Amino acid sequence: MSTATAPIKVSAESDTRISHAAHFLGMPKKDLVERAVVEYIENHRDEIDAAVARALRELDGTRADRVALLAGISREELDAVGGLAERD
């Protein structure tokens, strides 16, 4: 596993829960969060894989489709607001 760190923000309520759980489990907060994230992703792998597959089916390789997907709108919605010219 990578040793690089990246700050994350959680609500005050979540931070309190993390602090208490880490204390009673005898581990640093960062270790608890890392283990929790890994476990969550493993438990939701099918949902994540399905979402990736849906996203890939929506892409046809055009710049407009990539923008629409990243913006969370359909290609039709993007076209309705003026669309996006493809680069040469």
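The values are calculated or read from the model by the stated rules, or taken from the named source; none is laboratory data. Keep in mind it's a predicted model, so treat the numbers as computed, not measured. Positions of Cβ are generated from backbone atoms using ideal geometry, with glycine treated the same way; all protein chains shown enter the neighbour counts.
Which condition number in (1) in a helix (DSSP H, G or I); (2) at pLDDT 95 or above is the one that Met27 fails?
Of the numbered conditions (1) in a helix (DSSP H, G or I); (2) at pLDDT 95 or above, the odd one out for Met27 is (1).
What number of residues within segment 76-88 satisfy the criterion of being surrounded by fewer than 11 Cβ atoms within 10 Å (Cβ to Cβ) and among the hydrophobic types (A, V, I, L, M, F, W, C)?
Looking only at that region, the number is 3.
Test Ala22 against the stated conditions and say whether it is more than 16 Å from the chain's Cα centre (by Cα), surrounded by 11 or more Cβ atoms within 10 Å (Cβ to Cβ) and part of a helix (DSSP H, G or I).
Against the criterion (more than 16 Å from the chain's Cα centre (by Cα), surrounded by 11 or more Cβ atoms within 10 Å (Cβ to Cβ) and part of a helix (DSSP H, G or I)), Ala22 qualifies.
Can you report the number of residues in segment 1-55 which are aliphatic (A, V, I, L, M) and within 29 Å of Ala68 (Cα to Cα)?
Going through segment 1-55 one residue at a time, the tally reaches 11.
Scan segment 74-88 for residues that are touching a helix residue (DSSP H, G or I) at 6+ places or on another chain (Cβ under 9 Å) and of a type in the set (A, V, I, L, M, F, W, C) and report the count.
Summing the residues that are touching a helix residue (DSSP H, G or I) at 6+ places or on another chain (Cβ under 9 Å) and of a type in the set (A, V, I, L, M, F, W, C) in segment 74-88 gives 3.
Does segment 30-44 hold any residues that are outside any helix (DSSP H, G or I) and surrounded by fewer than 11 Cβ atoms within 10 Å (Cβ to Cβ), and which are they?
none
Report whether or not Leu59 is touching a helix residue (DSSP H, G or I) at 6+ places or on another chain (Cβ under 6 Å), aliphatic (A, V, I, L, M) and closer than 30 Å to Leu84 by Cβ.
Criteria met by Leu59.
So, of the residues in segment 1-19 that are of a type in the set (A, V, I, L, M) and assigned to a loop (DSSP other than H, G, I, E, B), which turns out to be farthest from Ile48 (Cα to Cα)?
Out of the qualifying residues, it is Ala4.
For segment 46-75, give me each residue that is among the small types (Gly, Ala, Ser) and either assigned to a helix (DSSP H, G or I) or exposed (fewer than 10 other Cβ atoms within 10 Å of the Cβ) (or both).
Ala50, Ala51, Ala53, Ala55, Gly61, Ala64, Ala68, Ala71, Gly72
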